[in-house]
Amino acid sequence: MSAADTLPSKGAEEARQQLPAILAAAAAGQTTVITRHGREIAAVVPASAVAPARQAPLMNLAGSGRGLWGEDSSAAMAELRDEWKR
């Protein structure tokens, strides 16, 4: 069962012509599925249904590079600097 079976759907051209009504429905909490040639392409959903993307705190990454450069990180960095001198 697809979303178009349970939610109101509109063809792409019909949706273009009825966009103000679709937006009003979304403001009222209703989702409308947009189809093209009978295939679901997109959905216009209420803004409250979309969770805002939140950046993960960087403090969780603190210390996560430990051991990345081997036992002696200063030697690894010196070796990398020496590559630029060649």
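Just so you know, all these numbers are worked out from the coordinates, no wet-lab data involved. Note that the coordinates shown come from a computational prediction; the quantities given were computed from them, not determined experimentally. Using ideal geometry, Cβ is built from the backbone for each residue, glycine included, and neighbour counts are taken over all protein chains shown.
About the centre of its Cα atoms, the range 3-49 shows a dipole size close to 100 debye [charges on the beta carbon of Lys, Arg (+1) and Asp, Glu (-1) only; nearest 20 debye].
For each of Ser9, Ser74, count neighbouring Cβ atoms within 10 Å of the residue's Cβ, then give the residues from fewest to most.
With the fewest neighbours first, Ser9, Ser74 line up as Ser74, Ser9.
Largest first, the three principal axis extents of the alpha carbons in the range 41-85 are 57, 24, 14 Å in whole numbers. Using DSSP to define loop residues, name the trypsin sites (Lys or Arg not before Pro) in the range 1-80 whose beta-carbon has at most 10 other beta-carbon atoms within 10 Å. The qualifying sites are Arg54, Arg66. Evaluated on the chain, the Kirkwood hydrodynamic radius is 17.7 Å, with distances taken between all distinct Cα atoms. Looking at the chain, the GluC sites (Glu not before Pro) that sit in a DSSP loop and have at most 16 other Cβ atoms within 10 Å of their own Cβ are Glu71.
Over the range 3-49, the hull volume per residue, using the convex hull of the C-alpha atoms, is 62 Å³.
Helix 73-85 and the longest principal axis of the C-alpha atoms of the chain enclose an angle of approximately 90°.
If you place +1 on the Cβ of every Lys and Arg, -1 on the Cβ of every Asp and Glu, and leave all else neutral, what size is the dipole of the chain about its Cα centre, to the nearest 20 Debye?
Charge dipole of the chain: 240 debye, to the nearest 20.
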